[in-house]
1. Multiply the residue separation of Ser121 and Leu265 by 0.36 nm, subtract the distance between their alpha-carbon atoms, and state the gained length in nm to one decimal.
2. Please list, by residue number, every one of the trypsin sites (Lys or Arg not before Pro) in region 113-155 that is coil in DSSP and has at most 14 other beta-carbon atoms within 10 Å.
3. What are the ³J(HN,Hα) values, in whole Hz, obtained from phi via the Karplus relation 6.51 cos²θ - 1.76 cosθ + 1.60 with θ = phi - 60°, for each residue of region 36-43 in sequence order, with x given for Gly and Pro?
4. Separation of region 82-108 and region 200-274 by C-alpha centroid, Å?
5. What's the magnitude of the charge dipole for region 31-146 around its Cα centre, counting Lys and Arg as +1 and Asp and Glu as -1 at the beta-carbon? Answer in Debye, nearest 20.
6. Have a look at Thr262, Leu55, Ala197 and report the one farthest towards the positive end of the charge dipole of the chain, computed about the Cα centre with Cβ charges (Lys/Arg +1, Asp/Glu -1).
7. Take each complete run of DSSP H in the chain, measure how far its Cα atoms stretch along the helix's own axis, and keep only those covering 18 Å or more with mean Kyte-Doolittle hydropathy at least -1.0; list them.
8. Which value in Å is the Kirkwood Rh of region 31-146 over different Cα pairs?
Amino acid sequence: MHNIWKRSEAATGSRFIGAGKILRKEKTKNMRLCSIASGSSGNCVYVGTDATHLLIDVGISGKRTEAGLRELGIRPQDIDGIFLTHEHADHISGLGVMARKYGVPVYGTRGTIGAVRSMHSLGTIDEELFHYVKADEKLTVKDVTVYPIRTSHDAAEPVAYRISHDKKKVGIITDLGCYNDYTVECLRDLDLLYLEANHDINMLQVGPYPYYLKQRILGRKGHLSNEAAGKLLSRLLHDKMQAVVLGHLSQENNLPELAYETVRLEVAMSDTAYQADDFPLYVAKRNEVSQMLDV
Ligand SMILES: [Zn+2]
Ligand SMILES: [Zn+2]
């Protein structure tokens, strides 16, 4: 229950956004999200309903994915699909095992699946398990609708995802160097947002990474800084947003406290009517399964 890192009481209770108002939690829970692993060493996020269980990326070993699902009380063979954001190792390293052992269907763009196929390290994956998705073309898996969103990242054809069920919407967006009005439009009216806060710009600049890598991360096809995450979040806040989770933190160039405070500060400094205390803000831990968030 306490595995998502939390900063303060103000950010943890049943407080919901509403321009200063505290809204009551609805009784019926429609969608759930849980971070199984988060960060540059491996990413795996569970999103589901009572009937449908999805993973966004499997960037940790098959064993760790199995263990994470066990903690959630979900059998790996009950996963209805793995949705890939892109082919970088921190998003796919457990893919071969999960696909082969449990026959889980794998969804990704043509570019991502093409890149995954050419990676011999993953072993052979049955062709029939691959399903193509296209940015801005929604598809249905049982009782959820998945909408791929184009992202700016140095991969073949990267996407983020918006997943909805009934009237509930969850957005998972990591690995992007920048965002624009299109990104904001795709992530409107979410009930829950899982957002990249990859690095602190100053820590990255003075840190040990070689120059080319710093430029890559800071570039338009790199990763979202804490500041940029806060700015993007400020444009996405609205009365129904029930929780925000910061994820994909860099181990070398970020700290959970810094990501948390910087994002709150950006919200406070922005034009939005909302304050940083108006919504629960969590930071996903690198190697721990987070609490399950229900919306
Ligand atoms: Zn990446
Ligand atoms: Zn990544």
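Read-outs throughout are calculated quantities, based only on the coordinates presented, and are distinct from any laboratory measurement. Note that the structure is predicted; figures quoted are calculated from it, not measured. Glycine gets a Cβ as well: all are built from the backbone with ideal geometry, and neighbour counts include every protein chain shown.
1. On the way: separation 144, 0.36 × 144 = 51.84 nm, distance 4.21 nm.
Result for the pair: 47.6 nm of gain on full extension.
2. Details: sites: Arg117, Lys134, Lys138, Lys142, Arg150; in loops: Lys138, Lys142.
Passing both the DSSP loop test and the Cβ count: Lys138, Lys142.
3. In residue order, the calculated couplings are 8, 7, 8, x, 5, 8, x, 10 Hz.
4. 26
5. Working: 12 positive and 14 negative charges, 41 e Å.
The calculated dipole for region 31-146 is roughly 200 debye.
6. Towards the positive end, the residue furthest out is Leu55.
7. Values: long enough: 256-269 (20 Å, 0.21).
In the chain, the long hydrophobic H runs are 256-269.
8. Details: mean 1/r = 0.0718 Å⁻¹.
When all Cα pairs of region 31-146 are included, the Kirkwood radius is 13.9 Å.
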